[in-house]
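Scroll down for the structure; my scribbles are underneath it.
The values are calculated or read from the model by the stated rules, or taken from the named source; none is laboratory data. Owing to the predicted nature of the structure, the values given are computational and were not obtained by experimental measurement. All Cβ positions, glycine included, derive from the backbone under ideal geometry; neighbour counts span all protein chains shown. SASA here: full protein model, heavy atoms, side chains in, ligands and nucleic acids out. Shrake-Rupley method; radii C 1.70, N 1.55, O 1.52, S 1.80 Å.
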Amino acid sequence: MLGKKSHNNCNKQRNVCTNGYGWILVTCLILGYISCTDGAPENEDNDYYDYDYGEVDNENPDPLITNVKDPPYFEKTQTKVLASANHDVIMDCDVKNMNANNAVVWYKDNTIYTNGQYAINHRVEGLRNNSLLLKNIQTDDAGNYYCEVLPQKIRLHVILEIERTLTIHCDGREVLDRTVVYKQSESHICKCKSPGSDINNIKWFINGQPAEEIVNEIDRNTLILNNIDAHYSGVFQCLDDDGSEKPKHGMFNILVNYIPKVTTHRHHINTNIGSNAELYCDYKSEPIAVTRWLKNGHSLSYSEKYMISYAKDKHFNRTTLIVNDVAEDDLGEYVCQAENALGTSELKTHLMLEPEKGQFEDIKILGNKVILNWIVRSLQPLSEAVLDYKLKGSYTWSTTTVLHTQRHDSGIWKISHEMELTPGEWQTRIKTRNTAGWSKFSMPYIFVIEGGEDFDILPDGWSDRVNDVMLAGFGGSPNNTTSSSTSTKALSCLSFCSILLHLSHRFH
């Protein structure tokens, strides 16, 4: 028989266990059900009395004292799960005959990972169906996991294996399938490892091209990125070229933050008084830049005089300054500035009445005959054009007058000149004049006339070769006999002096 107070205490314990949640229920089950069959204490003075339980209610049995006919069980006690690193994985606890009095605890080895739906950390989650969710698994997550059902303490052994894939680390940090952000001028080291493979099988690619074409320093599986710049941005791929049909590979992205880069295809802009002029500034940057136009140190803004537009291209952004109704004081230097969080870059353009620098268009080489074509922008008529040329190794330019100029379009002129040159590497440039004055010289254009012999000759035969070269000349326009004669004499002297200089260096 059981005393009244003892019976009340047992009821309280029983209610805590059966009505508890999470860790309370599991703790009761782990410690074992608390017995309520203790007899009355020997002290008869305490307020205890005999209690008659009466008959058992078979229609509403007590769940804690009723024997379960079909206890929980696992159809198999061990299973394997294969997963990939950097992904989530779910391990099932497929227990049969689970009932309300049972609880599930997940272990890794001897460490509790989940207690009901309470987890050890944010990467672990106990699901309502008793499965275990591991987020963003890594290689060290592999191992032995156990799903234990209480109070029977039956277990399912789950072996988690992580696929042996290659790994990529930059400066010791895992970057596989990630994007990393670096700053211009920094240096970084990236390593690719493929477990069980020869290190010499590793090959690197940057934006689909062999890394050797972009990066100077590669040590087998290691990329050494020194003083990085914008062209390092993109997809970096590592391939374990082990000869298999499906070789292991991985990738990551590099985003380089850099100071804006500003360029223009026209540094000198020809215009007319009273016309509207357009000045161009192309820029690219990461992060994005803001731009401004300045003249005489003052920032320009929208007005009747100035309009500013913006456009985006596949490879760059463009800002255009439009100067309306150009006057004399609008001529001169303009500055385009581009600024982002890393710094500021600028370029200068000049608005002028003189012709713009000539732009090389194309060349035709037929044996020793050369036909050069240039494009010049000038709203005013061109009155003169001169061409400079020199053979590689010469210190001075020779000059000839170009008589063939043709207006190709409104404000665009085509300059053509025909020459006959001796074999070798040549440079040429032009400048033009209109009613306002001379342009700047164009950038030199370099070309090669093939088929000539080396001037690496023996002392006793060098004079004959000099005579051969002096006989070779070039002519200007077929309609310009004087120009042809002058050019031939200039080339003869140039070639002769170049050979003498070559020989003097050879025999001293």
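Which value, in Å², gives the accessible area per residue of the range 242-284 when a 1.4 Å probe is used on the protein heavy atoms?
I get 49 Å² per residue for this part.
Note down the net charge around K357, summing +1 for each Lys or Arg and -1 for each Asp or Glu among other residues with Cβ under 11 Å from its Cβ. Present the calculation step by step, with values, prior to reporting the outcome.
Numbers: positive: R266, R377, R429, K431, K440; negative: E354, E356.
Net of charged neighbours comes to +3.
On the full set of protein chains, 1.4 Å probe, figure out the accessible area of E356 and give it in Å² to the nearest 10.
10
List the residues whose amide H sits under 5 Å from the amide H of S233, counting only those 5 or more places along or on another chain, with H placed 1.01 Å from N in the peptide plane.
Amide H neighbours of S233: V256.
Summing +1 for each Lys or Arg and -1 for each Asp or Glu, what net charge is found among the other residues whose Cβ lies under 9 Å from the Cβ of W413?
+2
On a 31 Å Cα-Cα criterion, which of the cross-link pairs K295/K431; K246/K284; K80/K248; K135/K312; K96/K135 come out too long?
On the way: K295/K431 27 Å; K246/K284 39 Å; K80/K248 23 Å; K135/K312 40 Å; K96/K135 26 Å.
As for pairs spanning more than 31 Å Cα to Cα, those are K246/K284; K135/K312.
In whole Å, what is the distance between the alpha-carbon centres of the range 380-423 and the range 73-87?
That distance is 79 Å.
Would you tally the net charge around S301, using a Cβ to Cβ cut-off of less than 13 Å, leaving S301 out, and scoring K and R as +1, D and E as -1?
Numbers: positive: R292, K295, K305; negative: E304.
Computed value for this residue: +2.
Share of the range 188-306's accessible area from carbon and sulfur, percent, 1.4 Å? Kindly include the intermediate steps, with their values, before the conclusion.
Numbers: 3020 of 6330 Å².
Carbon and sulfur: 48 percent of the exposed surface of the range 188-306.
For labels at K135 and F447 in the simple 7 Å Cα→Cβ model, what's the distance in nm?
Going from the K135 label point to the F447 one covers 6.6 nm.
Starting from a Cα-only point model with no solvent, please compute log10 I(q)/I(0) by Debye for the range 262-311 at q = 0.20, 0.28, 0.33 1/Å.
For the requested q values the scattering log ratios are -0.91, -1.41, -1.37.
Using θ = phi - 60° and the Karplus relation 6.51 cos²θ - 1.76 cosθ + 1.60, list the HN-Hα couplings for the range 77-84 in order, rounded to whole Hz, with x at every Gly or Pro.
Working through the residues one at a time gives 9, 8, 8, 10, 10, 10, 9, 9 Hz.
List the trypsin sites (Lys or Arg not before Pro) in the range 132-169 that DSSP assigns to loop (not H, G, I, E or B) and whose Cβ has at most 16 other Cβ atoms within 10 Å. Which are they?
On the way: sites: K135, K153, R155, R164; in loops: K135, K153, R164.
Qualifying residues, ordered by number: K135, K153, R164.
Give the separation of the Cα centroids, the range 211-241 to the range 289-352, in Å.
37
Once you place label points 7 Å from the Cα toward the Cβ at S301 and V181, how far apart are they in nm?
Each label point lies 7 Å from its Cα, and together they span 3.1 nm.
In terms of solvent-accessible area of protein heavy atoms at a 1.4 angstrom probe, what is the ranking of L166, L127, highest value first?
Working: L166 5, L127 45 Å².
My answer, sorted largest first, is L127, L166.
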